[in-house]
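A short reminder: the numbers here are calculations on the coordinates, not readings from a lab. The structure displayed is predicted, hence computed values, not measured ones. Because the Cβ atoms are built from the backbone with ideal geometry, glycine has one as well, and the counts that use them run over all protein chains shown.
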Amino acid sequence: MAKRLKDSVVVITGASSGIGRAAALEFADEGAVVVLAARRESALEELARECESLGARSLVVPTDVTDEGAVQHLARQAVETFGRIDVWVNNAAVTAFGRFEETPPDVFRRVLETNLFGYVHGARAVLPVFREQGSGVLILNDSVVGAAPQPYTAAYVTSKYAIRGFAECLRMELSLDEAPDIHVCTVMPASIDTPLFQQAANFTGRQVKALDPVNPAEKVAEAIVSLAERPRRELLVGRGARMLTAQHAMAPGMYEKAAARQIDRDHLQDRPADRTWGNLWDPMPEYTEVSGGWGEPSGNGALAKVALAAAVVAVPALLWSWRTGRLT
């Protein structure tokens, strides 16, 4: 049965731009109460006004998700103000580009602290609230790279693989506790048009761009709202997501080689870029929009080329396995 979102209390981390901002507006349009969290207070205040113009109530709570105390404060503020939390969206994320050996150790650690431990902090803060209420939906915004990895973003990929496993562990423990009305959902978007790439740390010496085909952030926001209404374990979103995960599962070796070549050509441009720490420690005042301006594809179709190259090997391999009785 679909859950009613009107007047539901929804907490969203990383709400100041990109998918988080789009999700806040989507929930507000559904009549939900939105609790907006991120490091950039001015961007949250602007977003709150947009949500209120849609008829929604809102609350701004500036939060750095790497600080567990701040995330606990976020949960307390939501409950003290509105009496409950119905949906919690773990969404805050940062990324860093660079070969593993060339990425500073503190950068690698900071990506994990934000992307993985930020989600752990969110779960620790909200699950006791859900247990007391007897219901709630925890949504973890993961990525297709949590199932089909890529080069140059080892810390980001590591965090996304870990998030997927973390969600599975939580679901298993909730099943042991016989808590059928508490749900943990994972959304796994493909390449999305957000300012994430402009805000990324970069140690490659080359400019970064979004991979083609690029999907609008609103598509992921709609998927997140759909999970709040009808919780499911995992949901792949966007062109390329299903192909990539299927090809990686069927022919991981071929996928790795094909993906490495195509991503090197399409994710990184042949234009120089200065070394930058992006928004890892300090938020940027700009890039507060939903879109990062990546909506116009360059025509390379990198994700499709990766999937096609892997399929050349994967399909014959599957047929051989089936014929020889190795696939049942």
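Couplings for segment 275-287, taken from phi via the Karplus curve 6.51 cos²θ - 1.76 cosθ + 1.60 with θ = phi - 60°, read 5, 9, 8, x, 9, 4, 9, 10, x, 8, x, 8, 6 Hz in order; Gly and Pro are left as x. Taking trypsin sites (Lys or Arg not before Pro) across segment 210-263, the ones in a DSSP loop with at most 13 further Cβ atoms lying within 10 angstrom of their Cβ are Arg232, Arg233. Dividing the helix sum by the residues of the chain, where each DSSP H run of 4 or more adds -39500 (n - 2.57), gives a mean residue ellipticity at 222 nm of -15000 deg cm²/dmol.
Just for segment 9-323, what percent of DSSP beta bridges are antiparallel, to the closest 5?
Of those bridges, close to 10 percent are antiparallel.
Summarising the amide proton neighbourhood of Gln207: residues at separation of 5 or more, or on other chains, whose placed amide H is nearer than 5 Å comprise Gln269, Arg271, Ala273.
Any chance you could check the Cα centroid distance between segment 155-189 and segment 46-69 for me, in angstrom? Each part's Cα centre sits 25 Å from the other's. As an exercise, identify the trypsin sites (Lys or Arg not before Pro) in segment 1-109 lying in DSSP coil whose Cβ has no more than 12 other Cβ atoms within 10 Å. Counting only loop positions with at most 12 other Cβ atoms within 10 Å, the trypsin sites (Lys or Arg not before Pro) in segment 1-109 are Arg4, Lys6, Arg99. Averaging the sequence gap over all C-alpha pairs within less than 8 Å and six or more residues apart, then dividing by the number of residues, gives segment 69-173 a relative contact order of 35 percent. Against the chain, whose longest principal axis is taken from its Cα atoms, helix 117-133 shows a tilt of about 50°. What FRET efficiency comes out for the pair Asp270/Met172, r = Cβ-Cβ distance, R0 = 41 Å, nearest 0.05? Calculated value: 0.35. Model label points for Arg131 and Lys6, set 7 angstrom from Cα along the Cα-to-Cβ axis, are 3.4 nm apart.
The calculated FRET efficiency for Arg233 paired with Arg84, based on their beta-carbon distance and R0 = 22 Å, is about 0.35. Less than 5 angstrom separates the built amide H of Thr186 from those of Leu140, Glu234, Leu235, all sequence-distant by 5 or more or on a different chain.
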